Each structure stands twice: as C-alpha cells, then as structure tokens.
DNA sequence: CCGATGATTTGATTTGGGTCAAGGCATCGC
DNA sequence: GCGATGCCTTGACCCAAATCAAATCATCGG
C-alpha cells in the first residue's frame with residue numbers, strides 16, 4: 001500500500017467542543033431509535049432529563065469495572081468502548097466493541113454488579129442513564145420500553161453468533177463486515193476505515209491467538225480481499241468477504 | 001454401573017392430567033419471578049388472562065421454526081425445548097436447552113421473525129404469551145417489565161459464557177454443572193439426573209464433535225468425577241467438576 | 001425373536017490453530 | 001537522534017480436537 005490512505009474518522013472534539021451536548025444527544029441513535037419505536041417526540045425531554053453526560057474519557061480509562069455496583073447503562077456518543085472479562089488464568093475475553101449509538105451495560109441488569117469491564121479504546125463520550133429511572137420512564141413510554149427490549153434481544157442474537165463454531169477466516173470476515181456495516185450505518189465509508197482496537201483485542205474477541213489474526217489478515221490480503229496497513233483497512237473484495245462471512249452473520 | 005439407578009424425573013402427565021392448567025401456571029416460575037420482582041399478586045390474573053396453554057407437544061414437534069412470524073414468547077411448563085439453527089453447510093448449532101420455568105423466543109423480539117428453531121426433546125407443555133400484549137401489560141406492571149429485562153439480560157450473559165474460549169473438558173463440566181443446578185433449583189437431585197438430549201445435541205451445543213463428547217465423558221468417568229450410562233448421569237465428584245467449570249461459569 | 005435403524009463408542013489419523021521463539025517496525029520520552 | 005517500549009509479523013513446531021472408519025449397543029416394528 002503506497003500513498004498513505006486517509007480515512008474518515010469520527011472526531012469527538014467536534015462534539016465535545018460543540019458546547020451544547022444536549023443538542024447532540026437529542027439526535028443520538030438511542031433517542032432516535034426510541035422515537036422510531038413509537039415514542040412521542042415530546043417525550044424526548046423526559047428521556048434527556050435523566051441523561052448524565054460523561055467524558056471525555058481517554059484511551060485506557062474505564063467506564064466501569066467488573067464487580068462495580070450496577071446502576072446505569074450508557075450509550076456511547078463518541079469513540080469506541082471495549083467490554084471484557086479476565087478469566088482465572090489471566091486471559092482476556094473481549095465481549096464486544098461498542099460504537100457511537102450503541103449501549104453498554106445491558107448484560108448487567110440481571111444482578112446488582114457489572115459482570116464485565118468496559119474501557120475506552122480512544123476518546124470516548126457517553127450518555128449515562130440511571131437504570132432504575134430509565135425503567136420507570138419506560139413504563140410510561142412504550143416506545144422506550146420497546147427499544148430496550150429490542151436492544152437486549154439483539155444483544156442475545158449477537159452473542160449467540162459469536163458463540164458459533166466457525167473457522168478463523170469466517171470469524172475474521174464476519175468481524176470486518178460487521179464493523180464495516182456499523183460504520184456505514186453511521187455515515188462512514190464501508191470500505192475504508194481505521195480499526196480502533198489492537199490485533200490482540202480482535203484476537204481475544206474472536207477467540208483466536210494474535211498470531212492467527214495476523215496470519216488470517218495476511219492471507220485475506222494475499223487473496224486480494226482487503227488491504228491492511230497497521231490499523232488502516234480497505235475492503236477490496238467486499239462481496240467475497242460477505243460470502244465468507246455469510247454463514248456467521250446469517251444473511 | 002450395575003444395579004439400575006432410578007432418577008427423579010419430571011412427569012408432565014402429572015400436570016397434563018391435572019385438569020386445571022391455569023392453576024399450575026399460577027405457580028409457574030415465570031409468574032412467581034414477576035411477583036418476586038415486585039409485581040402485585042393481584043396482577044397475576046391480568047398476566048394469566050393473556051396466557052395461552054400449548055401442548056402436550058411430543059418429541060420432535062416444533063414450537064416454532066426459523067422464519068416463522070414472531071408474535072409470542074413462551075414459558076416452558078414441562079419438558080425440555082431445544083433451540084437451534086441449521087447453517088449453510090447443514091450443520092446444526094444448538095443455542096440452548098430450556099427447562100420448565102425458562103423462556104424461549106427472547107432473541108426474536110428484535111425482528112419480526114424467529115431467528116431459530118425450537119423443538120421438543122420430550123413431552124412439552126408451554127405457556128404462550130402474545131408479545132405485543134405482554135409488553136403492553138409490562139408498561140402497567142413494573143414487576144413484569146423488570147422480570148423481562150432481567151431474563152433478557154441473563155440470556156445475554158449466558159450466550160457470552162457459551163462464546164468463551166474453553167477446553168472441551170471445561171465446556172462439558174460447565175454444561176453438567178449448570179444443568180445440575182437448574183434441576184436442583186426445580187427441586188430435583190443435583191447429582192443424579194437424566195439427560196433429556198442426545199450426545200449429538202450436547203456436541204452441537206458445546207461446539208464439539210459427538211466423538212469428543214463421548215471421549216470427554218469417558219475420561220471424566222475414568223477420573224471418577226461422574227458415572228454415566230446412556231443418558232443417566234451421576235455426578236460423583238461434584239466439587240471437582242465445579243472447579244473445572246468455575247472459569248466458564250465465573251464463580 | 002429378528003433384522004433394521006439410529007445412537008454411541010472406540011480406534012487411527014489428520015489438521016487448524018495454538019504456542020514458542022525471534023525479529024521487524026512504528027512511536028515516544030529523553 | 002536513539003534507545004526503550006509495545007505492537008505486530010513470521011517461522012518452526014506441537015497438540016487438542018476434528019475427521020474418517022468401523023464396531024457395539026439399545027430400541028422397535030413386525
């Protein structure tokens with residue numbers, strides 16, 4: 001890969017310096033989705049009443065840690081959050097990467113403590129929602145309730161997808177395609193982007209060794225399906241990658 | 001294993017012949033849990049108003065199939081339900097086994113069709129809850145809403161557990177211990193029980209080959225951790241099995 | 001009882017991905 | 001600039017579990 005490729009990047013400072021975070025939040029994916037699910041727009045104010053704006057958090061800062069008392073879920077507003085656990089042998093298991101508009105903490109609702117850690121991979125802004133308050137509000141706003149049900153249901157499906165029995169190539173392709181789609185849904189390029197996480201994180205997410213991640217990426221590059229240089233990725237053979245990922249993503 | 005061991009078994013006919021299914025349902029785990037989450041007992045009637053009793057289904061009967069229009073979740077009242085998908089190569093991926101008191105269909109809420117199949121492994125009785133009606137009711141009954149949130153949150157955690165990177169022995173031990181605990185919670189023996197599913201089902205659930213399941217069980221038996229004869233199991237070394245399963249179950 | 005059928009076990013062999021070890025290559029503080 | 005640091009890649013080798021093949025066992029219809 002010659003001539004350094006430039007990638008569109010989400011720049012949190014655009015938001016952070018905006019001065020009116022509430023205005024941003026009113027257009028955030030979570031609020032929008034609630035409205036899409038039938039929540040009256042006039043209720044957005046109620047929802048925003050209980051939002052607490054958090055951030056900016058910097059790379060390595062934790063949103064919460066395993067064992068912390070659970071009292072709130074959070075919508076990522078900018079940046080990437082990694083959720084993970086450390087097992088008895090000190091191995092890290094990455095549970096997910098969370099992009100702007102996505103919710104973290106849904107797996108903590110059952111139980112009074114967070115069952116995992118959440119750490120910022122870059123500069124992160126969050127909307128924090130007290131969960132007791134949110135569920136009280138959800139009783140009054142069916143659109144909000146429905147959106148919460150949907151989000152949790154989706155997370156079950158995503159986790160089961162990850163749990164499936166797939167080859168290293170299939171896992172990697174599915175990861176790249178899914179990441180690409182999530183970026184595209186946020187207005188970024190589906191074919192050129194920057195990975196916000198280290199190879200080790202990808203490995204721990206896909207349950208592979210970092211060496212395997214490296215080798216699979218090299219193989220996909222040699223086969224002309226993608227170009228990758230450090231964390232900059234270009235998906236050249238999007239179709240072929242989608243075919244490879246199809247059984248995992250079920251589409 | 002000489003002298004045939006007898007195992008306590010859940011006999012659905014006891015319920016099916018009871019004649020008053022509603023009475024049974026009023027004491028089912030789901031309703032009880034809603035009350036435990038703060039739902040007023042006087043609201044049990046409202047909940048039962050929208051229950052539709054299904055069954056008995058027999059071994060091999062499907063509760064729903066992938067692609068069916070989603071309109072209801074169901075609480076297992078008796079028997080065991082297996083949820084699974086078939087991938088492009090015709091391989092079966094088992095998503096879960098569901099015992100009395102457990103809910104199936106929660107991963108279908110996001111989307112208008114069931115994303116998986118659900119089949120009876122033995123004689124099954126179900127309580128069917130229209131999901132639109134249930135969520136409407138949940139708006140009025142915070143205890144019910146809370147219980148639904150918790151159940152879904154728990155399912156996310158369970159799925160992520162299954163997704164972890166564990167050895168065949170750890171997976172098998174975790175499966176047995178979890179199954180044992182779920183039976184114990186329903187008043188059955190924690191150490192002697194009958195597996196309601198085939199080796200192949202266990203294999204497809206744990207993402208192992210059936211031959212591996214067989215070999216792991218043999219090894220655990222040779223090591224004195226359990227005795228198994230066809231589907232009858234006795235957990236002899238419960239402590240040792242729990243130790244083996246601990247990193248998976250995180251306890 | 002008997003053959004058929006499907007589930008399970010057992011043995012032999014293969015292999016995908018892990019582990020170990022060694023370099024390469026950006027980035028950063030001094 | 002330059003060594004230190006951490007991340008990433010590459011190569012050699014190994015192993016847990018898969019695959020392939022075949023035998024055993026339980027169940028069941030007739």
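A few notes on this one:
- Inter-chain neighbour count for B:160-168: the average number of beta-carbon atoms from partner chains within 10 Å of each residue's beta-carbon is 6.
- For the Cα trace of segment A:141-203, dividing Rg by the Kirkwood Rh returns an Rg/Rh value of 1.06.
- For the Cα trace of segment B:37-140, dividing Rg by the Kirkwood Rh returns an Rg/Rh value of 1.00.
- Coarse-grained scattering of segment A:107-212 at q = 0.10, 0.16 Å⁻¹, given as base-10 log I(q)/I(0) from a Debye sum over alpha-carbon atoms: -0.41, -1.02
- Contour minus Cα-Cα distance for residue B:88 and residue B:185 (0.36 nm per residue): 31.2 nm
- Peptide-level mean, for A:127-140, of C-beta atoms on other protein chains within 10 Å: 2
- Under the criterion of Cα pairs below 8 Å and six or more residues apart, the relative contact order for segment A:109-251 equals 25 percent.
- For segment A:160-251, convex hull volume per residue from C-alpha positions, Å³: 91 Å³
- Relative to one another, the C-alpha centroids of segment B:56-125 and segment B:235-251 are positioned 28 Å apart.
- When the convex hull of its Cα atoms is viewed from all sides, segment A:198-251 shows a mean projected area of 3.8 nm².
- Segment A:67-113, relative contact order [Cα under 8 Å, separation at least 6], %: 48 percent
- Label-to-label distance, nm, for residues given as residue A:178 and residue B:239 (7 Å Cα→Cβ offset): 4.0 nm
- The listed peptides A:98-108, B:228-238, ordered by packing as a protection proxy, come out as A:98-108, B:228-238 (highest mean of other Cβ atoms within 10 Å first).
Every number in this text was worked out from the coordinates using simple rules, so none of it is lab data. Please read all numbers here as calculations on a predicted model, not as lab measurements. Glycine also receives a Cβ, built like all others from the backbone with ideal geometry; neighbour counts cover every protein chain displayed.
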